[in-house]
1. Restricting attention to region 267-350, which trypsin sites (Lys or Arg not before Pro) occupy a DSSP loop and are surrounded by at most 14 other Cβ atoms within 10 Å?
2. Across the chain, how many lysine pairs, 8 or more positions apart or on different chains, have C-alpha atoms separated by under 24 Å? Please give the number.
3. Any idea of the accessible area per residue across the chain, 1.4 Å probe, to the nearest Å²?
4. Counting only protein heavy atoms, what percent of the accessible surface of region 257-315 is carbon or sulfur at a 1.4 Å probe?
5. Using a 1.4 Å probe on the protein heavy atoms only, what accessible surface does Ser432 show? Give it in Å² to the nearest 10.
6. Compute the convex hull volume of the Cα atoms of region 355-461, divide it by the residue count, and report the result per residue in Å³ as a whole number.
7. On the Cα set of region 263-308, report Rg and Dmax in Å, please.
8. Among the trypsin sites (Lys or Arg not before Pro) in region 48-87, which ones are in a DSSP loop with at most 10 other Cβ atoms within 10 Å of the Cβ? Mind listing them?
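The values are calculated or read from the model by the stated rules, or taken from the named source; none is laboratory data. It should be emphasised that the depicted structure is a prediction, and the values quoted were computed from it without experimental measurement. Please note: Cβ atoms are built from the backbone with ideal geometry, for glycine as well, and neighbour counts cover all protein chains shown. What goes into the accessible areas is simple: the full protein's heavy atoms, side chains included, and nothing from ligands, DNA or RNA. Shrake-Rupley method; radii C 1.70, N 1.55, O 1.52, S 1.80 Å.
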Amino acid sequence: MSRGAAALAGVGSVAAALGLAELVAGLITRAPSLVIAVGDTLVDNVPGWLERWAIATLGTADKPVLIGGVPVVSVLLGAALGVLARRRFPLAAGGIALVATLGVVAALADDRNPVFSSVLVGALGAVAGIAVLHVLVVALPRRGTGPGSTAAAPTALGPVDRRRFLAVTGGAMVLGVLAGVGGYLLSGRERLNELRTAIRLPVPVKQAGPVPAGADLEIPGLTPLFVPNEDFYRIDTALRVPVVDPDGWQLEVRGMVDEPFTLTYAELMELPQIEADITIACVSNEVGGDLVGNARWQGVPLRRLLERAGLREGATQLIGRSVDGFTAGFPTVTALDLEEAMVAVAMNGEPLPAEHGFPARLVVPGLYGYVSATKWLSAIELTDWDVDGYWIPRGWAKDGPIKTQSRIDVPGPRATVAAGRTPVAGVAWAPSRGIERVEVRIDDGPWQEAQLSEAYDVDVWRQWVLPWDATPGRHRIAARATDGLGEAQTDRRTPVAPDGASGYPVIEVVVS
């Protein structure tokens, strides 16, 4: 029997183990996915520099890459165990059991995962993997069992020819993949979409003002005023989007308050709601990056909830807690001073998409998401300033005000344009302060003031455009914004850590 065939046997066994484990996790309420548990453990313990590199390099694809990486590593390990099983099956079986145990340990590191179901998922996956490995190792082709061989016909638990072995191994792999997909489908995502569709949003007591004519310049290639939900950036720590049934969801308001209370989803939806157009941004957004977007949000003002709870002396920080364990904190005074700071339940006229925090999340104008934008909100906890949110011990700043920034959308980076009149256009944002001016510089020429879209809210980004008489050759284009307080975007380049990137966005274009 060849090492290659033995490696395939190992891969087939791991596919069966992972697939069954995922299927069982999908069938049992609150049972964890071991793949996600291992991935979450990696996310929680990865060095900060590697985490920043992943976000900068992979952007919103960082999670699919990590989730896909866990099965890939498992498959490679399975191949090695298959080769080992040729001579020392007990050791190979122990290796599968050890891998399953590590998955269970990773799951139990999250105290929200039940012990029994976590162990059950791991145990059934290990049993399936060991059983399939045994069958496939016994069935490994021996010399004289190839096509056309005159050897005796194989028994049910004996060697088979290569063609049958490949068919059996391929079947194990396919069944493993199908079981894994079944587990994902059973996780409740489809039912959640049905629940969202059935929700009827209340009419807000305070609606967002009408968008004035000229607020969207409608230039081809320019980011629209409102980013559609399906195109809105997503950066968070959840490897798999939490599926939260609104019927069983509750929001606790607790901590340093006089009267803690709990709201069901129905009770939250019955409270008076407001609507506001707010631009939010991720602190990991590089200069000129796309981890920023504008949307129309609807929800309950945080101020109303805090007034109902009654704040105790020293309650200087509001910590948002997610159902997946994420936390983010910002000054309580911000929630009290900003009417638009809210527990959001809707985004661009529909219930929050699952990817963006359904059933409820926090939206706070002017603060980066890492200190404010808790998705899948489960609790609002009032604390003193000594309590740290998820990202602070990982090297990020305690305060996270969004910096004054601009971006060039048109022409695109390294674009080729025809000589003559062409637009240079983009967006600029400084939530809570607004944008007063945007200037553009071509090569080493003077700064030229761009035309701004009509302003209507300081929390909303503004589009801008500069008609440019492009001449043939290679050109370098830079932009800078000035906010409503008169503070200009700095030209000093800084990385995203610890409090957001800064510097002018610069692109190079070729004019033909």
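1. Details: sites: Arg296, Arg303, Arg304, Arg308, Arg312, Arg321; in loops: Arg312.
Sites meeting the loop and neighbour criteria: Arg312.
2. On the way: Lys63/Lys375; Lys206/Lys375; Lys375/Lys398; Lys375/Lys403.
Total qualifying Lys-Lys pairs in the chain comes to 4.
3. Working: 23050 Å² over 512 residues.
So the chain comes to 45 Å² accessible per residue, rounded to a whole number.
4. Values: 940 of 2250 Å².
Roughly 42 percent of what the probe reaches on region 257-315 is carbon or sulfur.
5. Solvent-accessible area, nearest 10 Å²: 60 Å².
6. Details: hull volume 20.4 nm³, N = 107.
In region 355-461, the Cα convex hull volume per residue is 191 Å³.
7. 14.8, 41
8. In loop regions of region 48-87 (DSSP not H, G, I, E or B), the sparsely surrounded trypsin sites (Lys or Arg not before Pro) are Arg87.
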